[in-house]
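**Student:** Below: one structure in structure tokens.
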Amino acid sequence: MSLALFTLGSAAWLSAAGGSTSRSAASQVAIPGLSRLAFGTYAFAGQPTLPRYSYVLLSPSDPDFVDPIKRESPKTKVLAFESASEVMNYDCNCPISYEAARTHDKAHPSDPWLLYSKSGQTLTMPHYDLNHLANVGSTSYRQQWLAGMLKILKTYHWDGVYIDSVLGRISDTKTNPSLYKSDDAWEKAMRNWVAYIGPRLKAQGYYVLINTYKSGPNDGTADIAWWASLAPYVSGLQSEYWEQAADAKTPFTTNPCCWTGHWLNWLKLADAAQRHNADFFTANKGTGTDTKLMSYLRGSYLLVWNGKGGGFSYSHEPIDKVDPWNPAWATYIGKPTGARYQVGRAWRRNYSGGTVIVNPDWAKSQTVKLGGSYRTIDGRTVKSITVKPASAAILSKP
């Protein structure tokens, strides 16, 4: 689940904008319920639309983006990407450098900041050889991480931090650290780390968003319980590949045949956050042309969003140079006016500016009479609509 960090040159925003931060027609007011992951060179794809999101998540090496976004959209929260359980062996403007961690461990071998194999080699995150696993159970590590993070936030005027790799199970890294003999021991340490870091950053006025996951049964029950245990300590929680497989192609449905057939139960992840006053975020992904997928995922989000904080995001995978903003998922229909309810195979929820209908069935379409006129994303006015399998209709009031 680790998201790679990328770097940009200084004054990146100004150079890309020709030295100007003039307001574009596309970047008026931050839209509630939308967020954008814009790391490194990907931030240049759709740079003018960044202020349209309520939350923008950037590499810590991109502080030059912060003030221009805030001038365009004061309500947008701009968060710096960092990692809870990784120490980076490259220049990343991180709370703790790899060199500092190695120096500490040589001087204090009984209190390591890095995780080691039984043979004494530092362990790294799979597929990220420069991301060294950290000992989140060390009191001195979390104290230094907090001090370093506060310095970064204050220096560059960030609104808060987006903390990746809040791992629920160390075994998911496919490593065997000598310090943690079981997933239970790691889980306790990771929870204590969040309980220490989150409230202290929030007390300083910063927004704390964590990207977290605990593997377990296909219906998500382990992850839901894990979220509920962390939510009281943070501002928001993010689910990567929510309601979809990690291939960024296959959506979850209600098909009982498959491990991806638990769409309904995974909706409860939002409740695990929101009932503890934490915001619900997603990091969904897919190609820039798969409008069916992006609408389906955003529609599912609209069924559970509480209308307050939080944000749905859709990034292009594989990464391209195209602005991910698309009406198929970014259309705003106001705030929810009631709870979701079932209509045949589909689910519907009404909003102040429209309605959303999601059909999670894997094989059959569902026709819904709308009880009034609504406008589709492509501009048609309809009074009923047929929603295909694994599809959604996000409809606006005329």
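Rule-based calculations on the coordinates, nothing more; no lab input. Just so we're clear, the structure is a prediction, and the values are computed from it rather than from any experiment. Backbone-built Cβ (ideal geometry, glycine too); neighbour counts: all protein chains shown.
**Student:** What longest range of the chain stays clear of loop-exposed chymotrypsin sites (Phe, Trp or Tyr not before Pro) (DSSP non-H/G/I/E/B, at most 12 other C-beta within 10 angstrom)?
**Tutor:** 91-258
**Student:** Right, another one. Read phi for every residue in the stretch 230-246 and hand back ³J(HN,Hα) as whole Hz from Karplus 6.51 cos²θ - 1.76 cosθ + 1.60, θ = phi - 60°, with x for Gly and Pro.
**Tutor:** Taking θ as phi minus 60°, the curve returns 9, 3, x, 9, 10, 8, x, 10, 10, 10, 8, 6, 5, 6, 7, 6, 6 Hz for the stretch 230-246.
**Student:** Amide H to amide H under 5 Å from THR287: which residues, 5+ apart in sequence or cross-chain, H placed 1.01 Å off N in plane?
**Tutor:** GLU317
**Student:** To the nearest 500 deg cm²/dmol, what mean residue ellipticity at 222 nm is calculated for the chain from DSSP H runs of n ≥ 4 alone, each contributing -39,500 (n - 2.57), summed and divided by the residues? Write down the numbers at each step before the final one.
**Tutor:** Numbers: 10 runs with 100 residues, N = 398.
-7500 deg cm²/dmol, from helical runs alone.
**Student:** Would you kindly state how much longer the chain becomes between PHE44 and SER140 on full extension, computed as 0.36 nm times their sequence separation minus their alpha carbon distance, in nm to one decimal?
**Tutor:** Stretched out fully, the PHE44 to SER140 stretch lengthens by 30.8 nm.
**Student:** Alpha carbon centre of the stretch 179-235 versus the stretch 251-294: separation in Å?
**Tutor:** If you average the Cα positions of each part, the centres end up 19 Å apart.
**Student:** Now a separate question. Among ASN211, ASN284, ASN131, which one shows the highest mean-square fluctuation when the chain is modelled as a Gaussian network with alpha-carbon springs under 10 Å?
**Tutor:** Checking each option, the largest mean-square fluctuation is seen for ASN131.
**Student:** Please compute the modelled spin-label separation between SER352 and SER229, points set 7 Å along Cα→Cβ, answer in nm with one decimal.
**Tutor:** Placing both labels 7 Å beyond Cα along the Cβ direction yields 3.8 nm.
**Student:** Any idea what the dipole of the chain comes to, in debye rounded to 20, about its Cα centre with Lys/Arg Cβ at +1 and Asp/Glu Cβ at -1?
**Tutor:** In debye, rounded to 20, the chain gives about 1560.
**Student:** Once you have the Cα-Cα distance between SER117 and LYS335, take 0.36 nm times their residue separation minus that, and quote the gain in nm to one decimal.
**Tutor:** 73.4 nm
**Student:** Can you list the HN-Hα couplings for the stretch 317-323, worked out from phi with the Karplus curve (6.51, -1.76, 1.60; θ = phi - 60°), rounded to whole Hz and with x for Gly and Pro?
**Tutor:** 9, x, 4, 10, 9, 9, 4
**Student:** Restricting to Cα pairs below 8 Å that are 6+ residues apart, what does the relative contact order work out to for the chain? Please round to a whole percent.
**Tutor:** Relative CO of the chain lands at 12 percent.
**Student:** Residue by residue, what Karplus-based ³J(HN,Hα) values in Hz, rounded to whole numbers, does the stretch 385-397 have, using 6.51, -1.76 and 1.60 with θ = phi - 60° and x for Gly and Pro?
**Tutor:** Karplus values, whole Hz, x for Gly and Pro: 8, 9, 9, 6, x, 6, 9, 9, 10, 9, 10, 9, 6.
**Student:** Same structure, new question: Among ALA45, ALA278, ALA80, determine the one that fluctuates most according to a GNM of the chain built with springs between C-alpha atoms less than 10 Å apart.
**Tutor:** Among ALA45, ALA278, ALA80, the largest GNM mean-square fluctuation belongs to ALA45.
**Student:** Say the dipole of the chain comes from +1 at the beta carbon of Lys and Arg and -1 at that of Asp and Glu; which of THR175, ALA195, SER85 then lies farthest toward its positive end?
**Tutor:** So the residue we want is ALA195.
**Student:** Most mobile of LYS118, LYS268, LYS308 per a Gaussian network model of the chain (Cα springs, under 10 Å)?
**Tutor:** Of the options given, LYS118 has the highest mean-square fluctuation.
**Student:** Continuing with the same structure: Once amide H atoms are placed 1.01 Å from N in the peptide plane, what residues at a sequence separation of 5 or more from LEU179, or on another chain, have their amide H within under 5 Å of its amide H?
**Tutor:** TYR116
**Student:** Name the long-range amide H neighbours of ASN211: under 5 Å, sequence gap of 5 or more, or other chain; modelled H, no Pro or chain starts.
**Tutor:** HN-HN under 5 Å from ASN211: ILE163, ASP164, SER165, VAL166, GLN238.
**Student:** Once Lys and Arg get +1 and Asp and Glu get -1 on their Cβ, which of ASN265, LEU153, PRO327 lies farthest toward the positive end of the dipole of the stretch 12-333?
**Tutor:** LEU153
**Student:** Just one of [x] 88, 57, 49; [y] 71, 54, 35; [z] 92, 54, 50 is Cα extents along the principal axes in Å as worked out from the coordinates here. Which one is it?
**Tutor:** Looking at Cα extents along the principal axes in Å for this model, the match is [y].
**Student:** So for the pair ALA203, LYS369, with labels modelled 7 Å out along Cα→Cβ, what separation do we get in nm?
**Tutor:** With each label placed 7 Å out from Cα toward Cβ, I get 5.9 nm.
**Student:** Tell me the label-point distance for the pair ALA185, SER215, using the 7 Å Cα-to-Cβ offset, in nm and rounded to one decimal.
**Tutor:** The two pseudo-label positions are separated by 1.9 nm.
**Student:** How many percent of all Cα-Cα pairs in the stretch 125-243 sit more than 19 Å apart? Mind showing how you got there, number by number?
**Tutor:** Numbers: 3456 of 7021 pairs.
Everything past 19 Å amounts to 49 percent.
**Student:** Full-extension gain between LYS292 and ALA100, please, as 0.36 nm times their residue separation minus the C-alpha to C-alpha distance.
**Tutor:** Residue separation times 0.36 nm, minus the Cα-Cα distance, leaves 64.4 nm.
**Student:** For the stretch 111-152 and the stretch 356-398, write down the distance between their C-alpha centroids in whole Å.
**Tutor:** 48
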